[in-house]
Amino acid sequence: MESPITKSDIDLQKMREVKRLKSVEDRRVGSEVFDRITLKTLYKLANQGYIHLLNGAISTGKEANVFKGVDDHGKIVAVKIYRVTTSDFKKMQYYIQGDPRFNVRSNSKRQLINNWVLKEFKNLNRAYEAGVRVPQPIIAKNNILIMEFIGDSDGTPARLMRQSQISNPQYVVDKIIDYIKKLYNDAELVHGDLSGFNILMEDDEPVIIDLSQGMVVDHPLSDELLNRDIENLIKDFKKMGIEISKDDIKRKIMDL
Ligand SMILES: Nc1ncnc2c1ncn2[C@@H]1O[C@H](COP(=O)(O)OP(=O)(O)O)[C@@H](O)[C@H]1O
Ligand SMILES: [Mg+2]
């Protein structure tokens, strides 16, 4: 597998060394992602064969970093690591409360993040099973989620829909609406943060990502979130030259 290896690569087989180094670096800027528990979790995942190398950051978001990883078979995977220090716990609590899949009485921030990651994993699984094109989830452990890498075989990550030139807008719009419909009716989920910023373009095919906020449809907030998702998408569709009304989209989703 061809992927450039840089000085910042972390060979997880040499994790003991990394661990020692990190204990010195821990309090320095830049190592905030790799706190002790995160390193331990990475080490465990490495021992289990899920990743042996982390090379290259794909994204540094508000709450999570996404890295390119390589598994024991040389396959590239995406590794999303939530930072315990900068996570928005209020938001997490807001979205996780009332989800019957989680019992979140604990006040522990770590516990909340672990549940958040598990929620994203479960949502991805449900979406995947329902035939929605999402990264196939591989494993969730503590604050780390490993999933299928969306991009070229040479390791170039796919671009965001928002930043892509779409050559087949009508097809892409129809596909996305069909995915929301499958999410709603089959996976019984509402994405909750859907827009051109959480859709990747794998060649000409849209791939839905970032399902951590996803909610079960019988959650009291799900209608509000669905409406917001649709409104956001309408703006993206418009930029792509496709005009479609909220009612039309809803009709398609509800199959009326
Ligand atoms: N499975 C994946 N394959 C390739 N790139 C990914 C994958 N998942 C996320 N990314 C990249 O990382 C970015 C951030 O991921 P995302 O799940 O949206 O987290 P957040 O928005 O919370 O930071 C995405 O915009 C995308 O560019
Ligand atoms: Mg995102």
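The values are calculated or read from the model by the stated rules, or taken from the named source; none is laboratory data. Everything numeric in this text was worked out from a predicted model, so none of it was measured. As a convention, Cβ positions derive from the backbone with ideal geometry for all residues, glycine included, and neighbour counts pool all protein chains shown. Just the protein is used for accessible areas: all its heavy atoms, side chains included, with ligands, DNA and RNA removed. Shrake-Rupley method; radii C 1.70, N 1.55, O 1.52, S 1.80 Å.
General observations
- Separation in nanometres of the label points that stand 7 Å from Cα toward Cβ, at Gln170 and Asn47: 5.7
- In plain terms, the chain from Asp154 to Lys62 could stretch by 30.4 nm, reckoned as 0.36 nm per residue minus the Cα-Cα distance.
- Accessible carbon and sulfur surface of the chain relative to its total accessible area, %, 1.4 Å: 48
- Whole-number accessible area per residue in Å² for the chain, which is evaluated in the context of all protein chains at 1.4 Å: 51
- Take every pair of alpha-carbon atoms less than 8 Å apart whose residues are at least six positions apart; their mean separation over the length of region 107-256 yields a relative contact order of 24 percent.
- Highest mean packing first, where packing is the average number of other Cβ atoms within 10 Å per residue, the peptides 240-249, 131-140 line up as 131-140, 240-249.
- Burial ranking of peptide ranges 59-69, 117-127, 143-153 (average Cβ count within 10 Å, highest at the top): 117-127, 143-153, 59-69
- In plain terms, the C-alpha convex hull of the chain casts an average shadow of 14.1 nm² when viewed from every direction.
- Burial ranking of peptide ranges 215-227, 193-205 (average Cβ count within 10 Å, highest at the top): 193-205, 215-227
- Over 21 Å (Cα to Cα) - which of Lys40/Lys68; Lys62/Lys238; Lys119/Lys246; Lys119/Lys250; Lys181/Lys235; Lys90/Lys182 fall in this group: Lys62/Lys238; Lys119/Lys246; Lys119/Lys250; Lys90/Lys182
- Look at the dipole of the chain built from charges on Cβ: of Val84, Pro169, Val134, the Cα furthest out on the positive end belongs to Val84.
- Label point distance in nm, Thr85-Asp218, each placed 7 Å from Cα along Cα→Cβ: 4.2
- Tensor-based shape of region 201-250 (alpha-carbon gyration tensor, a/c under 1.5 rounded, otherwise prolate or oblate): oblate
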